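Accompanying notes for the structure given below.
Quick note: the coordinates plus some simple rules give every number you see, no bench work behind them. Small disclaimer: the values here were computed from a predicted structure and weren't measured. Positions of Cβ are backbone-derived with ideal geometry, glycine not excepted, and every protein chain shown enters the neighbour counts.
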Amino acid sequence: MADLKANNPLKWEIQSSCYMRDEKEIELEISVNPKRKSESIVHNMLKNAYILFFLCSLLALFANAVPPGKEAKVNSSATEPNQERYIVVFVPDLVNEGSNPAVSATATSSDSKSQKTSIYDEHFAWLAENHNKHVVDILSTIMTTSYDSNRFEQRNTHQKEIASQDIVHQFSIGESFRGYVGEFTPAVAEILQQREEIAYVTADGEVHIALEDLNESEREENAFEGGEQPDREENALEKDEQPEPEENALEGDEQSEKFGTRVQNDAPWNLDRIDQRTLPLDTLYASPVAGGRHVKVYVIDTGINTMSSDFGGRAKWGVTTRINAPSFDDYGHGTHVAGIIAGSKYGVAKLANVIAVKALSNIGSGAWSEVITAMNWVAEQHKVDKRKQTIVNLSLTGRYFIPANMAVKALTEMGIHVVVAAGNYAGANSCYFSPSSAPEAITTGATDITDHIAKFSNGGPCVDVFAPGQNITSDWTTENNVPVKSMSGTSMASPHVAGFIATIISQNGNKSPAEMQKLIKEMATRGVLKNLVDYPKGTTDALLYIESL
């Protein structure tokens with residue numbers, strides 16, 4: 001650093017300092033006689049500056065050298081690489097595959113569970129004890145260090161203190177998907193990937209709702225501004241204690257018991273469309289009378305306005321996994337989705353229960369780690385649910401993300417039905433995104449009122465079925481004093497399928513997720529989509545169809 005000063009008319013100075021890695025400072029002061037010509041003064045100043053730069057460089061070179069027998073250490077002034085959030089996934093069936101040498105090859109099935117637990121415990125113990133040591137070792141090879149052992153010990157102590165804070169969340173979905181979310185440096189993530197008990201390590205990714213042409217101004221307009229957070233105590237989900245829906249909860253319908261159907265007059269076009277094979281629409285919606293009774297649909301989204309009268313007391317708050325987010329729907333998207341699933345006026349399954357699992361922000365965005373945490377919570381609820389009639393709706397999308405697809409697979413292995421949006425990238429292949437690329441999920445594309453695939457909808461062989469998704473009217477959040485709203489997106493198509501599954505379960509009993517996926521395809525209307533050729537090869541022509549069974 002060089003600083004030219006004019007402290008007084010008789011003396012000009014160049015003050016320069018060399019800051020060493022061990023925080024010692026060498027300071028040079030060069031005085032110049034003001035009686036000499038200004039050209040000489042400038043010349044001498046520049047010459048001295050060059051000399052000083054050379055001396056600083058030389059001193060730094062000697063300071064950086066590590067004498068033989070000395071171990072390099074990182075002092076507290078060195079800059080560390082920033083920590084990032086990672087998702088770490090364990091190898092499935094560690095004991096059965098014999099992938100960990102710490103587990104005896106002669107292990108019996110009776111104690112395999114405890115041995116699996118010990119493998120995970122050993123991993124976390126190793127992580128807590130060693131991963132910060134690895135940070136120090138790696139940094140010491142790439143950064144200039146000093147010999148200040150006291151400072152090094154202070155640093156090492158600090159690293160150990162923060163070790164317990166690095167694990168953000170652990171998850172365990174079924175038997176095949178276990179891991180954790182942690183905040184590490186890229187170097188530590190690389191070390192983790194080399195461990196034999198680890199199947200996959202990846203940086204966290206972004207996920208967002210699947211709406212058509214969602215821009216920042218629309219997000220800001222939809223965001224909740226101010227106000228007091230509603231009290232959610234009375235609406236908290238109490239495991240299996242869901243209230244029975246009121247028999248008179250439906251409004252504006254004719255409740256006909258003929259042939260096991262319930263008929264809704266003057267139905268929204270989207271409900272009208274899925275109960276008939278061909279156009280034109282007849283303004284009626286006929287659906288199985290059971291209407292999704294006793295079935296739980298978990299809406300992983302922005303939350304649900306549980307106070308809406310359209311849910312008739314069947315909407316409950318579950319959990320908020322979005323970091324620093326309030327436990328209510330401060331956007332409206334999740335409420336809109338839930339209304340399509342189970343609203344008494346706008347819903348497919350008018351007696352189903354919907355549970356809010358908030359993983360997205362008030363602009364409809366979030367992180368995969370928060371969504372996977374939400375999926376883990378649903379898995380825990382399903383374990384203690386006596387009926388085990390569970391559906392998950394994911395009206396969201398993001399880049400292809402292996403852990404998200406693994407989580408979907410694990411949920412379906414538990415018997416949980418997973419319905420997802422195909423995504424809105426104007427005809428892109430849904431196989432390039434998650435969770436729409438997960439084979440076990442029921443991936444849903446969107447159509448309009450004329451049986452055209454919506455211009456915004458993704459296609460491709462990963463789409464299982466299409467459902468109405470353009471200009472769909474449903475419930476909204478009352479925080480914005482807007483009770484209903486019309487929206488477009490594959491976000492709106494997916495809940496039609498979730499509601500369909502709820503009605504099938506309540507009418508005919510539950511099926512495995514694979515069997516339900518097959519049934520939806522078999523029941524679907526074929527040959528009516530008008531612009532199939534405009535979408536990727538392998539795009540299905542199946543349009544959702546519901547009937548009383």
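Given a cut-off of 18 Å, name the pairs among 386/511; 296/521; 350/518 whose C-alpha atoms lie farther apart than that in the structure shown.
Going by Cα-Cα distance, 296/521; 350/518 fall outside the 18 Å limit.
Label residue 198 and residue 522 with points 7 Å out from Cα along Cα→Cβ: what is the distance between them in nm?
For the pair residue 198/residue 522, the computed spacing is 4.5 nm.
Distance from a point 7 Å along Cα→Cβ of residue 84 to each backbone N in segment 193-207: keep the residues under 17 Å and list them by number.
Residues passing the 17 Å test: 193-194, 200-207.
I need the phi-derived Karplus couplings for segment 306-313: 6.51 cos²θ - 1.76 cosθ + 1.60, θ = phi - 60°, integer Hz, Gly and Pro marked x.
5, 7, 4, 5, 5, 8, x, x
Pull up all non-local amide H partners of residue 202: gap of 5 or more, or a different chain, and H-to-H distance under 5 Å with H placed in the peptide plane.
Answer set, sorted by chain and number: 87.
Given points 7 Å out from each Cα along the Cα-Cβ axis, report the residue 281 to residue 323 separation in nanometres with one decimal.
Output for this residue pair reads 4.3 nm.
Which distance in nm do the two modelled labels at residue 190 and residue 121 give, with both placed 7 Å along the Cα-to-Cβ direction?
Computed distance between label sites residue 190 and residue 121 equals 3.3 nm.
Say a paramagnetic label sat at a point 7 Å from the Cα of residue 307, along Cα to Cβ; which residues of segment 317-354 have their backbone N under 11 Å from it?
Under cut-off, by backbone N: 329.
I need the Kirkwood Rh of segment 406-549: take the reciprocal of the average 1/r across all distinct C-alpha pairs and report it in angstrom.
That comes to 15.4 Å for segment 406-549.
So how much slack lies between residue 413 and residue 384, counting 0.36 nm per residue of separation and subtracting their Cα-Cα distance, in nm?
Going from the current span to full extension adds 8.8 nm.
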